[in-house]
Structures are given as structure tokens and as C-alpha cells.
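Each remark here refers to the structure printed beneath this line.
Readers should treat all values here as calculations from the given coordinates under stated rules, not as data from a laboratory. Worth saying up front: this structure is predicted, and the values here are computed from it rather than measured. Heads up, the Cβs are rebuilt from the backbone with ideal geometry, glycines too, and the neighbour counts pull from every protein chain shown.
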Amino acid sequence: MKSILLLNSKYVNKRKWGLILVGLSLVLTSVLLSLALGMLTIIGQPFDRAFNTQKASEILLLFDGRSDDQDQLTHWFSQQDEVLGVSEPRPFIMVDAPLIHREREIDLSAQVTEYPGRGVVQDEIRILKGTAAEHPNFGEIWLPMHFEQSFGLQLGDTLGLNIKGELRKHKISAFVVDPHYVSAVFNPTRAWVAPGALSFLAPISELNTTMIGVRLKDRRKLDMFWRHFNASFDYAGKSLQYPLFKRAFTSFYSLLSAVLLIFSGMGLFISLLFVKHTLSSHISSDHKRIGVLKALGFTPGNMMLLYLLQIGVLALIALLSGLVISKFVIRQMVNRIVEPMGIPNFSYDLSGPLVLSFGITLLMIFTVSFFSIKRATHIPPVAAIRNSFQKNKGPVKSTSKAFTTLGLPLSMLLGGRLLSSKKKDMWRTGIHMAGIVFVVVFCVNISNSFDKIHTDRTSWGFDNADIVVNRNKEVILSLTHRQLMEMLGAYKKEIRRVTPYNYTNLFILSDMNRAVKEIQGKVYSDTISKTGLGNIIGKHPVTPNEISLCVGTADEFGKHPGDTIAVFIEGQKKAFRITGIYQDVGSFGQGFRLHEKALLELNPLFEPRFYGLEIYQSVDRNAFRSRLEHQFGERIQTELSVEERGSITAMVMNIRIAVLTISVFFVFVLVLIIYNNQHIYIQQHKISFVKLKSLGFTSKNLKMVLLWKTLFNLGLGMAVGIPFSLWLGPKIMNVLTADIGLVRFPFLPHLLGTALAIFVLFVFGGIATWSAASALRKIDFRMMCNT
Amino acid sequence: MAAIPILKTKALGKSFEVGSGTTNGINDVHIEINEGEFTIIMGNSGSGKSTLLYLLSGLDQPSTGEIYLNNTPIHKLDEKAITLFRRNHVGFVFQEHNLISELSLKENILIVGYLTKQDRKVVQTRTALLMKELEIATLADRLPSQVSGGERQRCAIARALINTPKILMADEPTGSLNSASSKKVLSCFKKVHQEGQTILMVTHNPQSACYGNRVLFIKDGKVVDTLVFNSQHSLVQRHEVLLEWLSALGW
């Protein structure tokens, strides 16, 4: 054992730089994998912690008191065994117009709700910033913490609520943790005012909307309980439930973690190949030495141990370092997440994912190492001693057409020839590079696809609208649909298309004609196909009996185009034929689309209230929006399209930063791999380089040869990696984003970005080769005399 | 007509560091090699013959003294300059053929030709010609590992000749060959010498040395004696003269 340790220390010392590079690659892989597993494991925990601590309701019922009786509802829920508690009714009003802060508009709708304060035992609101109080005072407003982070609002600032055309100013007295609306992605959000304050904001006759929260003993039984409720109670209001709140909170991080997990898998694969290549190279160059050691009495087991120790110790150090780094990174990320949730000293258990990541990686490294080293144990000592290098098993004939037919520079010809002379090595390194090219090209194009959310919005399920106009029916001299359309028609130079639509809700009925789910959908007045919206399968509804479903809803109820779906809509039961399935990230995959004819048949008074305006590119969007607001005054409200909202833009930006960071990480891995490969190649082919030098090649000539060899190999990697990335990339994203309603990710390859990525890879590959090739300077002609 | 020296040294020396001190590999060597000569360097193991050859070819740098090759003071050239000089003026054949194992025989020759500014068609034609002359034309596309030792060495000679060097140097070119292969290789040397090529060859084999027309004997890093063969003598006669001369020198 002592002799093995002694030899091991000599070997490690001799190959320290190569081993350090392998170690670095393992550190990076370990960081990625443990980060992905860690984030996936704990991402839901802060949300659940806040939800539990503040006794948040799993179901929020939002209803009009004129249609649903709050006492009856409260009574029914209170009687159910599954229910832990029912909150006291909290009146609210919806403020659809943008919120006003320092003369700027914040494109969020708010559900302005009274907070009772004293005696609240359910759906508590916790103050994070601001003076502690039981509830806001009159003239004050409490806002979720994301207002401060996303829009830069400060305590003491004034927030204007545009209610019925009047700007009601409120002083921001606290930023709070509202467990239901902790995510900035959620729109509408919620704001809290003093008990009784709503009666000063809107006429009593309009204060009909109320919210009740229902807290369950076991939230896993929510679906079953909700079906039971719908079967027992004729409820006309809306409901928001725990899974939706949680998904809004976790979707971004889950998506990011899933992307990380995919990339860490790629990283692990590349690192394992790296380990295998390094060990195989060591064994090849030690061929004679292995023979000598065996002749001296080293058993195959000793040989196995000798090499396994080198990589095993390295792997242990690298993986443990990776875990420490990822633990630190996760801590930073979690702090960032829990900060707006006001969870002090949030503790979480990372041991599971870290141990899993460590175990998987170590096991795979040992397995790969074992099979790579096994070759060393089979080397016959006599043959190894007599032939210091393994025999060339190449073809009997070696073609050399390129040398006589192509008028390329010699370094290029020789680089290509050296590469092709060892096809196995060429393909192995090519696969390394293909893996990295795959990830980098994938990252570039995913980043571009997210960036194009603003121009390719219909592919994401957003309406093809730059500005959305909301026709305000509740003002004196409100505009009719026809009037507004005529007036908008005057802007022919600015508006390319107007798409009128409205929202409506329906209940999906079970076979027993019981409502099992309420969903919100859109009703279009125009032919839907003209709006630019698309379907994943089938076509848009045209006739009064046709409907298209969003992919999440269709999946949930097992519906396909051609099937029939029974619903309760506009107070009537109706069966629709499903014509198509579409995707919509804005509604997390839930919803439906109807043509106006379907609604008019059930409700002749139906009119569109929203107008998606697609404007010409040359027109300044914000200026035109101001112009419209100026002309129409309080009779309309305008907002930017969904994908332009700050929260979506911030999310897109975060995803782009994350994937681009990953691509930088993989470029770094490429540099490590190329540097190490070249280093090993020079060591193994030292004599060849001496020979070339003796023939008249300068160090620069040889560097150029190696450079071309790398560039050809990288080119091979690209020839495999780029098409593979373009083919598999969208498929991976389809799986990752299916949960947020995107089963067909709008993958948009970016030619220039991809070309730039290729260029960067070539440049970094070249730099890595050039610096590794500096070792050529040290090559001495005397080496030849010693062989 | 007086012979023109193509290679000339003055007080050439090469010392090596051994532990804390130094030892002389080559010491105060003065030699002249004339154009068209086939000169042999002989000596016992460790006498410094290979070291001298490496110095004369510019593969190694002298510690002291001067070397003029084709009137160029190569001892003054930096690494790049000497490499470029060697490329055009010196052909070298090693004991181990030193072919690039990844390249075919033809490619091994072509790459050296391509290094110079010659037209590639000319290089290809000359390669074909040399391979034919050295009887390896049929093996052009084989890898070094797929041909015999003698064939490899003939390829190495062709490679050394591709740029029509002023001088062809060879370090024990038959050292690792059997007698049949050695004969073939030496015949090649004889053939190119008869075509006017200047050759400087290191060998410890008296039979090989007989192919030359002058022998320098080196001992302890110094040239101690010179033997000039009678050009009318056969190889057998030369061998006898050589052995006699060598035994007088303590061989």
C-alpha cells in the first residue's frame, strides 16, 4: 500500500495541471447538479412556510353578493369536516385601470380589499416594512412587497387608484407579505385598505363584491373537496386556489431549476468523458511503465488502485468543493426569494439533494474510472516493456489525397491529418465539443426565444396586441362597442388591426351535469384566425357550437378536437364541439376561446369590452397610448400588452441572464477540455513534435498545426452539436414549459446569435490550444536521442 | 580545382551540466567537409559523435566555437532562424527513422517539401521520383507502422532529400536494421552520393563506414584522426584498411 501511495503521489505531482483541470470540470458539474436538485427540492418551501404561518386559505371565493349568499357559503363551508376554518367576508373592489405612482402608470390591476385587522385568525397579512398597525388607516394603503422591488415604490409615497374616473390617492404606509399574492407575476394583485374605506371609494350600490377564504385541514384533498362543493352548491362566483398561487410563485424557479438539471446532466456527461479520456491517456502514456510495474510484482488490483486513487481523491475534493459552492449559491438565492416574504432565519434541509448529487456523481465517476482503468490491468508486461507504445491498429492503407489535391496551408493539412489519424480520439473529443456546442447554442436560442416574446407573442398565446383598450361602461356617456370601433377606425395610419374581445367564465360539467371546474376564457368578435392566434392541434371555433380549449384544460379533462364538452355558461347548459387545442402561457394553460356567435346565442346583449390594438411598427406605442387616453378620457382605460408588463419582462430577463450564465460556464468547460486535451496530446506525441521540429517546423508552425487540429475537431463538434441542439432544444423546452401552459415552446433560432456563439467557441478553443501549445517550446531535440 | 568546404567548424565545443559541475561532450573540434564528399564519423559509444552531428546540423547549440554551413555562421542564429536555415540546407536521417506515425510514407515526405516555398506540384513530382528511386513507391499510402524498418529508413532518406539539401546528415541510419535492410539503405546513400550529394554520416559499423570516402575518428569529444579511402578500392578492400586503422586507434 505504501508503494502505491508513493507512486500515486509522484504521478499526481507529475500530472497536477491536467488533474486540476479535470477537478475544475468536476467542481462545475457538481455545482450545477446540486444547485438544480437543491432548488427543485426547496423552491416550494418558502411559499408553504408563509402560507402556513399566515394561515392562508387554500381557496379564495370571490363573488358578487347579489348572486351568491355569503352567509350560506360561510355556513356550508363551516359544516364540512375537511375545513379547518372560514375567514370573515372581506369586501373588495376591482381597480382595472393602471395604478398611478408619481405620474407614471403601473400596469397592474388591483383587488382593493378591506383588511379588518383586529381578531384576524385566518389570511393574516404581515407587515414587512412600515409602522406596525392592526390595519391601514383611512387614506393609507398596504401593498405586497414586490411593489417595492419591481416598481421602486417607497414607504410614504402616494399611490393613485383610478376608480370610476376619479384618482383616489393613498399613502403607502406598509409593504406586507400577502401569501396569496407574493408573486409579482400575479395580475391582478391585491392591495389593502382600512376597514370601511371602500364605501368612500365607490358608491354603496357597487360594493357587492366580497371575498371569503376557506382553509383546509389537508390541502392534498383540495380537488376532491372542490368537486364536492360544486356538486353540492350552486356557486356563481370565481375561485382562486392554492395550486395556482403556488405555481405563480414557483414557475420561474422551477423552470430555471429544470433547465439547470438538463444542463447539469450534459455537464456530468461531458465531465465523465473528460475523466475517461484523461485516464485512458495516462494509461497509454504509462504503457511501458505499467509493464515494468507488473513485472516488479504489482498485481492487477494494485494497478487498479493506483489509478483509482488518483481520480478518486480528486473527485472527492472536487465534489465536496462543488457542494460547498452550491450551498452558498442556494443560500443567496433563497435569501433573495424569502426576503420579500419576510421569513426570518428561513431554514431548509439541503442534505437530501446534496447527498443525492454527491452520490450520483461519485458513483458515475467511479464506474467510468473503473472501466477505463481496467484496460491497464490487462496489459501484458513483456509486450509493454518491449513496445513502449501500443501498436497502431490503423487501416492497412492510409489515404493522403488531401495532401496532393488541396492547396491548403501545410499547418491546416497537417492539423487535419493528425486529427483524422486517430479517429477514436477525434470522435471522443468531438462528442465532448458537440455537448458543449449543444448547450451553448441551446442557451443562445432559448434566450432569443424569450426575447422574442414581444414580437412573437401569439406563439406564446398572448393576443397580438400592442395596446389593450378597456371600454369603461360605468361612466356617464360611456361608449358603445360600435362607437368605439368607429372612433378607432379613424386611426388607420396608426392601427393595423383591432381585435375586440371579452372575458367570460364557464363551468365545465361532469357526466352527472355537476360543475366540476370554473375557467375563464376569451370571446372574440372577429374571426379568430385573422388575429394571428394559433392552435397546437385543430382550428379556431367559428360556429356558435364550437370551442377551443387551452392545453392544460384539455389535458385535465382528457379532451381532444372532435370531442364534445358540456359546460354551464351564461346561466345555461350547453354542449360545445371542440375544434382545437391552443397554448397560453398567460393563463398557465387554462382557458378556452369562443367566437362571439356562441355568446350572442345565449346572451343577445353580449358585447366586447376589450380591444387589442396592433399598431404599426413606426408608431411610438407610449405616445399613441397617451393620445388615445387624452382623446377618450375616462371612457377607456389602456394598458400595455401582457408580455410588456414589468413582472413578465423581469422574468424574461432573469431567464435570459440564467441561460447565458450557463452558456458562459460551458464555454469555460470547453476551454478546460481543450487545454487538457492539447496538453495530453503534446505529452503523448512529444516525439512526433520533436521530429517535426527537426524537420524544420518552428514552434509557431507546430502551434498552428495544433490550432487547426482543434478547430477541425471543434468544427466536427459543431456539425453534430448545432443540428442536434436545434432539433432537441425545442423538444426539451416543450417538456420543461408544459407545466406553465407551453407544450410547444416557441423556439426561434437566432442566426446571428448562433453565429456569434460559434465564433466565440472558436476563439476560446483557439486561445486554449494556443496557450496549451506553449509547452512545445520546451521540447528538446535531445528527447529524440533518448528513445 | 580546389575543393569547396561546405561545412567548417572552429574550436567547436559542447559541455553538459552534470550534477553541480560540467562535462565536455565535444571539445575543440576543427573540421571541414567539402562539397560532394561522403564523410563518416566513427567513434566508440559516448565519444560524442552523435553530439557532434547534432551540433553540425544546427539541431543543438554549441557551448563554444563556430560552425559555418554553406558560409552561414549557424552558431549565431536564433531558434527560428536556424530552423528556417535547416529547412532549406540540411537533410537529416535519424537512427530511428523518426517518421510521423500518423502520416503515410508519402505524407511524411510531402510535409517537409511543403514547408519550403516550392511549388506543390514540383514537390509532389519530386516525392514520387524519390520514392521510385528508393523503391518505396508502392508503399506511398502505408503508415510507418505498416512497413519494414528498411522501408521506413528509405522513406526517411527520401524525406531528408526532398528539399535538395546542401548536406545530408545521418545518425546511425542502419543502427536498428538487419544486414539486408542495411545494405539497401546504404546503397541508397551511395546512389545519392554518386549524384553529387554531400553526406555526413555517423556510424559505429565499419561495414557501413566503407561506403564513405573519408572517415573521421572521434574520441573523448575530439577528432583524433582521419582516414581517406582510395577511391579505386572495393568495399572489401576498404573494410580491411578501415579495420586496420581502427585497431591502431584502439577500437
### Task
Distance between Cα centroids, the stretch A:247-302 to the stretch B:164-197: provide it in whole Å.
49
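Strictly over 22 Å apart at the Cα level, which of A:K778/B:K222; A:K691/B:K80; A:K493/A:K522; A:K522/A:K574 would you flag in this model? Intermediate results must be reported in sequence, preceding the final value.
Details: A:K778/B:K222 29 Å; A:K691/B:K80 16 Å; A:K493/A:K522 28 Å; A:K522/A:K574 17 Å.
The answer is A:K778/B:K222; A:K493/A:K522.
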### Summary
For the stretch A:134-142, in residue order, the Karplus 3J(HN,Hα) values (coefficients 6.51, -1.76, 1.60; θ = phi - 60°; whole Hz; Gly and Pro = x) are 6, 7, x, 7, 4, x, 10, 9, 10
### Message
If I take all pairs of Cα atoms in the stretch A:520-617, what percentage of them are more than 19 Å from each other?
### Response
39
### Message
Please compute the Kirkwood hydrodynamic radius of the stretch A:197-332 from all pairs of different C-alpha atoms, in Å with one decimal.
### Response
22.4
### Summary
Under 5 Å from the placed amide H of A:R190, counting only residues 5+ away or on other chains, we find A:Q111
### Task
With a bin width of 10 angstrom, please list the P(r) values of the stretch A:1-126 as percents of all Cα-Cα pairs, from the 0 bin to the one holding the largest distance.
9, 20, 20, 15, 10, 8, 9, 8, 1
#### Entry: Crossing angle, helix A:16-42 versus chain A [Cα axis fit, 0-90 degrees, rounded to tens]
20
### Query
P(r) of chain A in 10 Å steps, Cα pairs, percent per bin?
2, 11, 18, 20, 16, 11, 9, 7, 4, 1, 0
### Query
Computed over the Cα atoms of the stretch A:467-519, what is the convex hull's projected area averaged over all directions, in nm²?
5.9
## Note on the structure
Rounded to the angstrom and largest first, Cα extents along the principal axes for the stretch A:669-787 equal 69, 25, 18
### Message
How large is the translational diffusion coefficient of the stretch B:116-168 in µm² per second when you combine the Kirkwood radius over alpha carbon pairs with Stokes-Einstein at 10 °C and 1.306 mPa s?
### Response
137
### Query
What do the square roots of 5 times the Cα gyration tensor eigenvalues come to for the stretch A:420-512, in whole Å, largest first, as semi-axes of the equivalent ellipsoid?
53, 22, 9
### Summary
Non-local residues with an amide H under 5 Å from the amide H of A:I163, with H modelled 1.01 Å from N and Pro and chain starts lacking one, are A:R168
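For the stretch A:713-757, compute Rh as the Kirkwood radius over C-alpha pairs and then the Stokes-Einstein diffusion coefficient at 20 °C and 1.002 mPa s; write the answer in µm²/s, rounded to an integer. Walk me through the numbers before you get to the answer.
Working: Rh = 11.6 Å.
In µm²/s, the coefficient is 184.
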### Query
In µm²/s, what is D for chain B at 20 °C and 1.002 mPa s, where D = kT/(6 pi eta Rh) by Stokes-Einstein and Rh is the Kirkwood radius from Cα pairs?
115
### Task
Normalise the Debye intensity by I(0) for the stretch A:592-739, one equal point scatterer per Cα, no solvent, then take log10 at q = 0.10, 0.11, 0.12, 0.16 Å⁻¹ and round to two decimals.
-0.72, -0.79, -0.86, -1.11
## Note on the structure
Under the helix-only model (-39500 (n - 2.57) for each DSSP H run of 4 or more, divided by the residues of the protein assembly as shown), the mean residue ellipticity at 222 nm, to 500 deg cm²/dmol, is -15500 deg cm²/dmol
### Total formal charge among the other residues, if their Cβ is under 15 angstrom from that of A:L216, Lys/Arg +1 and Asp/Glu -1
+1
### Message
Checking a compactness column here: for the stretch A:657-737, what do you get for Rg(Cα) / (2.2 N^0.38 Å), N being the number of residues?
### Response
1.53
### Query
Beyond 13 Å, what percent of the Cα pairs of the stretch B:39-117 remain?
73
### Message
Can you tally the net charge around A:R90? Count Lys and Arg as +1, Asp and Glu as -1, for every other residue whose Cβ sits under 11 Å from the Cβ of A:R90.
### Response
-2
### Task
Within the set of other residues whose C-beta is less than 11 Å from the C-beta of B:P5, count the net charge using Lys and Arg as +1 and Asp and Glu as -1.
-2
### Scattering profile of the stretch A:25-82 at q = 0.18, 0.22, 0.25, 0.30 Å⁻¹ [log10 I(q)/I(0), Debye over alpha-carbon scatterers]
-0.80, -0.93, -1.00, -1.13
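Could you quote the convex hull projected area for the stretch A:293-338, Cα atoms only and averaged over all directions, in nm²?
On the way: hull surface 13.8 nm².
Across all orientations, the stretch A:293-338 yields a mean hull projection of 3.4 nm².
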